[in-house]
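Scroll down for the structure; my scribbles are underneath it.
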Amino acid sequence: MAKMQANQMRAGMVIEFEGARYTILKQNIMIPGKGAAVIQVEMRNVKTGAKKDQRWRTADTVERLTTEDKEFTYSYADDDNLVLMDPESFEQTVVSKDILGDRLPFLQENMTVNVKLIEGEPVSMDLPETIVLEVVEADPVVKGQTASSSYKPAVMSNGVKVMVPPFITAGEKIVVKTADGTYYERAK
């Protein structure tokens with residue numbers, strides 16, 4: 001275990017807090033008008049799956065757990081679980097869908113994912129930074145709006161709504177960031 005400052009926490013890291021292991025889901029540094037900055041963290045208990053919100057001062061220290069990274073290939077979903085395959089040994093590993101949280105809709109078949117393990121137990125999963133999705137539905141362009149300031153909602157092939165520039169139409173493929181589900185660029 002290694003100590004780190006609270007402001008160094010990032011999504012996907014695993015920490016020990018109050019005797020339990022937690023995976024960081026989201027983190028947000030808040031700077032109030034008065035006083036010191038604080039970091040608001042949404043985290044999930046590795047064993048129970050319970051979510052918890054916690055605040056730290058940015059100078060506080062937390063225990064970061066050392067994890068082993070291993071690449072897996074996503075095979076399929078089975079009820080509340082995801083089945084992953086080790087590309088070297090072809091062994092299957094089952095993990096809970098909760099491990100991905102809000103990023104679950106971005107998981108695609110045969111996608112290579114990075115799983116963080118502690119003592120052989122999966123505790124966190126990272127998706128590729130961006131994925132290519134097809135726009136299924138997009139509002140028509142409203143004339144008179146400038147391209148720089150206006151975005152319109154569009155529904156992707158995985159059912160997620162993404163705000164896209166006005167020139168994007170249904171049937172086009174776009175690149176979406178998996179971390180926050182935002183438009184990145186038109187697929188080449």
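For this structure, a couple of remarks:
- Accessible surface of the stretch 18-115, 1.4 Å probe: 44 percent of it comes from carbon and sulfur atoms.
- With the cut-off at under 13 Å, measuring from each backbone N in the stretch 47-87 to a point 7 Å along the Cα-to-Cβ line of residue 36 picks out 56-62.
- Centre separation in Å (Cα based) which lies between the stretch 1-18 and the stretch 37-53: 11 Å
- R0 of 30 Å, Cβ-Cβ distance residue 112-residue 57: FRET efficiency to nearest 0.05: 0.20
- Taking every alpha-carbon pair within the stretch 1-111, the share separated by more than 25 Å comes to 33 percent.
- In summary, the convex hull built on the alpha carbon positions of the stretch 104-183 has an orientation-averaged projected area of 6.0 nm².
- Using distinct alpha-carbon pairs, which all enter the 1/r mean, Kirkwood radius of the stretch 33-87 in Å: 15.1 Å
- 5 angstrom amide H check on residue 82, placed H, neighbours 5+ away: 95, 96, 97
- Modelled this way, with points 7 Å down the Cα-to-C-beta line, the labels at residue 172 and residue 85 are 3.5 nm from one another.
- Å² per residue, accessible surface of the chain at 1.4 Å: 59 Å²
- Candidates 64, 21, 55, ranked by Gaussian network fluctuation over the chain, Cα under 10 Å, top entry: 55
- Using a simple spin-label model with pseudo-atoms 7 Å out from Cα toward Cβ, residue 5 and residue 47 lie 3.2 nm apart.
- Over the chain, relative contact order from alpha-carbon pairs under 8 Å, at least 6 apart, %: 15 percent
- q = 0.13, 0.21, 0.27 Å⁻¹, the stretch 1-60: log10 I(q)/I(0) [Debye, one scatterer per Cα]: -0.32, -0.78, -1.17
- Too-long pairs where the Cα-Cα distance tops 28 Å, listed order kept, from 52/116; 97/188; 3/26; 52/177; 51/116: 97/188
- Longest site-free stretch - the chain; sites: GluC sites (Glu not before Pro), DSSP loop, at most 15 other Cβ within 10 Å: 19-87
- Across the stretch 22-88, C-alpha contacts under 8 Å between residues 6 or more apart give a mean separation that, scaled by the residue count, equals a relative contact order of 20 percent.
- Springs join every pair of Cα atoms under 10 Å in this Gaussian network model of the chain, and among 84, 104, 25 the largest mean-square fluctuation is at 104.
- Taking all Cα-Cα distances within the chain, those exceeding 31 Å account for 31%.
The values are calculated or read from the model by the stated rules, or taken from the named source; none is laboratory data. Predicted model, so just to flag it, every value in this text is computed and none were measured. Note that we place each Cβ from the backbone using ideal geometry, even for glycine, and neighbour counts take in every protein chain shown. Ligands, DNA and RNA are excluded from the accessible area calculation, which covers all protein heavy atoms including side chains. Shrake-Rupley method; radii C 1.70, N 1.55, O 1.52, S 1.80 Å.
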